[in-house]
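Colleague: Quick one: the structure is below, and I'll ask about it shortly.
Please treat every number below as a calculation from the coordinates, not as lab data. Computed from a prediction, not measured in an experiment: that's the story for all the values here. Virtual Cβ from ideal backbone geometry, glycine too; neighbours counted across all protein chains shown.
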Amino acid sequence: MSRYDLKPKAHSGAIAVVVGWDRPLQTYFAQVFTPTQGEPDQGEATTWLGTEPGELPTPEAAIAVVVRYAEIPATLASDLEADMRATMGVEDGTHQAEAKRGLFDSFH
């Protein structure tokens, strides 16, 4: 799995923005955290996509989720693509395969 913490844009309402690649789910993911009364500094993930197998199939799909909230580095799409390619051929371990069967009734 990879994870990139992006710089939130001023006045976007976000306090943290994250994108990355999740090899077990074979999807990119995107998260936007906004402040809450209970946790004004850490916030809550008010946007979180990429929790289902294959939900965000490309780096561009993940970036599109967060582009209004964060500054996007010029190399982010290629970095995410490289992260995915680096995990090609890696198989799930016993516990990952078992968890997928329980959650998704499959071996995605």
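Colleague: Tell me the angle of helix 76-86 to the major Cα principal axis of the chain, expressed in degrees between 0 and 90 and rounded to the nearest ten.
Modeller: Orientation of helix 76-86: about 20 degrees from the principal axis.
Colleague: Still on this structure, please answer the following. Could you please rank Y28, Y4, Y69, placing first whichever residue has the fewest other Cβ atoms within 10 Å of its Cβ? Don't jump to the answer; show the numbers that get you there.
Modeller: Numbers: Y28 28, Y4 18, Y69 24.
By the 10 Å Cβ count, ascending, the order reads Y4, Y69, Y28.
Colleague: Can you tell me the FRET efficiency between T47 and T94 if r is taken as the Cβ-Cβ distance and R0 is 35 Å, rounded to the nearest 0.05?
Modeller: Details: r = 33 Å, r/R0 = 0.93.
The formula returns an efficiency of 0.60 here.
Colleague: Taking square-rooted eigenvalues a ≥ b ≥ c of the alpha carbon gyration tensor, is the range 1-103 rounded, prolate or oblate, where a/c under 1.5 means rounded and, failing that, a/b exceeding b/c means prolate? Walk me through the numbers before you get to the answer.
Modeller: Details: a/c = 2.66, a/b = 1.48, b/c = 1.80.
Since a/c reaches 1.5 but b/c is at least a/b, the shape of the range 1-103 is classed as oblate.
Colleague: Further, regarding this structure: Can you tell me the 0 to 90 degree angle between the C-alpha axis of helix 94-104 and the longest principal axis of the chain, rounded to 10?
Modeller: So the helix axis and the longest Cα principal axis differ by about 70 degrees.
Colleague: Taking the Cβ of each residue in D83, D105, D5 as the centre, tally the other Cβ atoms inside 10 Å and list the residues starting with the fewest.
Modeller: D105, D5, D83
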